[in-house]
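See below for the structure under consideration.
The values are calculated or read from the model by the stated rules, or taken from the named source; none is laboratory data. None of the values given here were measured: they were computed from a predicted structure. Ideal geometry is used to build each Cβ from the backbone, glycine not excepted, and the neighbour counts take in all protein chains shown. Quick note on the areas: whole protein, heavy atoms, side chains included, nothing else; ligands and nucleic acids left out. Shrake-Rupley method; radii C 1.70, N 1.55, O 1.52, S 1.80 Å.
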Amino acid sequence: NRQVPHVLNVWGEVMDRAKVAIVDPRLSTTAAKADEWLPVIPGEDGALALAIAHVILTEGLWYREFVGDFVDGVNRFKTGVTVDEETFVEKYTYGLVKWWNIELKNRTPEWAEPITGVPAEQIYRVARDFADAAPRAISWVAPGTAMQIRGAYNCMAAHALNGLVGSVDNIGG
């Protein structure tokens, strides 16, 4: 029961108006036409999303108008360092610092490279480009990401990137 998604109707317009990065194990037609192809090892999309989130946070690239900020404006997201939840005031997200402390603080692109098969340099580049496009960016998940073991977790990590860049309820997001 797979219906033709609306994105197929507007894909040409998307390619004309946006920078596109495709996460796909195979060099599909879509991946071949994208600005960036991230050839992820099947089932490791979530690890890639975590590494992208890590870059966005450690480099202070999150969309503060949607996410919030540290009370004194000093970025405390440092690799391997636990952050006090009381030092961050969230706006429209919930549990960002808890997510950092439990899951993200060690999930660097260097950690993700052997797991995902995507070079760390490319993960950094795509993460920065994604954050630079905020809030007119979107992390869209195709059915293949979800229809596998751990698929729901992969999708949650990919969708969380939308929150980090404030694309939720924004035009272009």
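Please indicate, with yes or no, whether at least one residue in region 124-131 is open to solvent by less than 40 Å² (accessible area, probe 1.4 Å) and either out of contact with any helix residue (DSSP H, G or I) (no Cβ under 6 Å at 6 or more places or on another chain) or at positive phi (or both).
Taking region 124-131 and keeping what is open to solvent by less than 40 Å² (accessible area, probe 1.4 Å), we get 126-127, 130-131.
When the remaining residues are screened for being either out of contact with any helix residue (DSSP H, G or I) (no Cβ under 6 Å at 6 or more places or on another chain) or at positive phi (or both), the result is 126, 130.
For region 124-131, residues open to solvent by less than 40 Å² (accessible area, probe 1.4 Å) and either out of contact with any helix residue (DSSP H, G or I) (no Cβ under 6 Å at 6 or more places or on another chain) or at positive phi (or both): present.
Go through region 15-35 and give me each residue that's within 20 Å of ALA131 (Cα to Cα) and either in a loop (DSSP other than H, G, I, E, B) or open to solvent by less than 20 Å² (accessible area, probe 1.4 Å) (or both).
Of region 15-35, the ones within 20 Å of ALA131 (Cα to Cα) are 15-23, 34-35.
Correct list: ALA18, LYS19, VAL20, ALA34, ASP35.
Take ALA120 and tell me if it is small (Gly, Ala, Ser), farther than 21 Å from ASP169 by Cα and open to solvent by less than 20 Å² (accessible area, probe 1.4 Å).
Details: small (Gly, Ala, Ser): yes; farther than 21 Å from ASP169 by Cα: yes; open to solvent by less than 20 Å² (accessible area, probe 1.4 Å): yes.
Yes; evaluated as a whole, the condition is true for this residue.
Among the residues of region 90-101, is there at least one that is modelled with pLDDT of 95 or more, in contact with a Leu (Cβ under 6 Å, 6 or more places away or on another chain), closer than 20 Å to HIS159 by Cα and crowded, with 19+ Cβ neighbours inside 10 Å?
No, because not a single residue in region 90-101 is modelled with pLDDT of 95 or more, in contact with a Leu (Cβ under 6 Å, 6 or more places away or on another chain), closer than 20 Å to HIS159 by Cα and crowded, with 19+ Cβ neighbours inside 10 Å.
For residues in region 77-89 being among the acidic types (Asp, Glu) and assigned to a helix (DSSP H, G or I), which is most open to solvent (accessible area, probe 1.4 Å)? Before the answer, list the steps.
From region 77-89, those among the acidic types (Asp, Glu) are 84-86; that's our starting set.
Keeping just the survivors that are assigned to a helix (DSSP H, G or I) gives 85-86.
Numbers: GLU85: 85, GLU86: 149 Å².
Top of the filtered list is GLU86.
Filter region 65-98 down to the residues that are of a type in the set (Phe, Trp, Tyr) and free of Cβ contacts under 8 Å to residues at least 12 places away in the same chain and list them by number.
Narrowing region 65-98 to residues of a type in the set (Phe, Trp, Tyr): 66, 70, 77, 88, 92, 94.
TYR94, the sole residue that qualifies.
With the condition being more than 15 Å from the chain's Cα centre (by Cα), I'd like the helices (runs of 4 or more DSSP H) fully within region 90-173 carrying at least 3 qualifying residues.
Details: elements: 96-99, 109-116, 120-132, 143-146, 151-164.
Because the criterion is at least 3 residues that are more than 15 Å from the chain's Cα centre (by Cα), the helices (runs of 4 or more DSSP H) in region 90-173 that meet it are 109-116, 143-146.
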